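Notes to accompany the following structure.
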Amino acid sequence: MHRPLVRMIAFLLLAGFVPMAAAAQESSPVDDFVSPDPAACRVTPRTLDDLRGFLPSPADEGTPSAIAAPPSPVPPEGVPADPEIVEAITAVTYELYACLNANDFLRVFALYTDGYMTRSFVSEDIAPEAIDLFGTPIPAEPADKRTSVAVRDVQVLDDGRIGALVVSRSPYGDGADVPTYYIFVEQEGRYLVDDIVLPPFDGG
């Protein structure tokens, strides 16, 4: 599945431009968007040493691995989640976007599983010299520039993970709605992002 986050942040930091430009999508009639406050980003951040641990070692280079498998553009199917799971998934999604609005990428990465981070660093070919960029302090987005988000269609997938359609709306994208399918897994009592599917969704 698509794993764009690490490379996207590295590119934006190198370019000196952090906010995500949203591709235009048809607006949703449901006005359920929330603009998470950067102050709500409270997760313990990863360290730069943590990130270096996700870089492939020289012994891994050229070795076929499932972690670098081609992405699938199709969100998996599941069954509707119960209200408790929906509440937990909504909470972690709001915190993720609070951290994005805070431009606090070490905390953003803390809301992704080690497996996701490893797959991302391999498939996106992150260079060791890029690691320090992720710790570069950047001011939080002002209130009128924050990304808003809505969480919809939370489902329990066949493998036990949780899928959710997350629709974001950024002022940098002219207020357009951008859907992204997140897949979460429960680890140590909380949900973390374990994979992402970006639009367009094949067959959807």
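Bear in mind these aren't lab numbers, they're just calculated from the coordinates by the rules spelled out. Everything numeric in this text was worked out from a predicted model, so none of it was measured. Cβ: placed from backbone, ideal geometry, glycine included. Neighbour counts: every protein chain shown.
For the range 156-202, which chymotrypsin sites (Phe, Trp or Tyr not before Pro) pass both filters: DSSP loop (anything but H, G, I, E, B) and at most 14 other C-beta atoms within 10 Å?
Within the range 156-202, the qualifying chymotrypsin sites (Phe, Trp or Tyr not before Pro) (loop, at most 14 other Cβ atoms within 10 Å) are F201.
Where does each of R190, R169 land when they are ranked from fewest to most other beta-carbon atoms within 10 angstrom? List each step's numbers first, then the result.
Working: R190 13, R169 21.
Placing the least packed residue first, the sequence is R190, R169.
Quick one: if you stick a label point 7 Å off each Cα along the C-beta vector at D37 and D153, how many nm between them?
A separation of 3.2 nm, rounded to one decimal place.
Can you work out the FRET efficiency for the pair F201 and S57, with r the C-beta to C-beta distance and R0 = 41 Å, to the nearest 0.05?
Details: r = 35 Å, r/R0 = 0.84.
Result of the calculation: an efficiency of 0.75.
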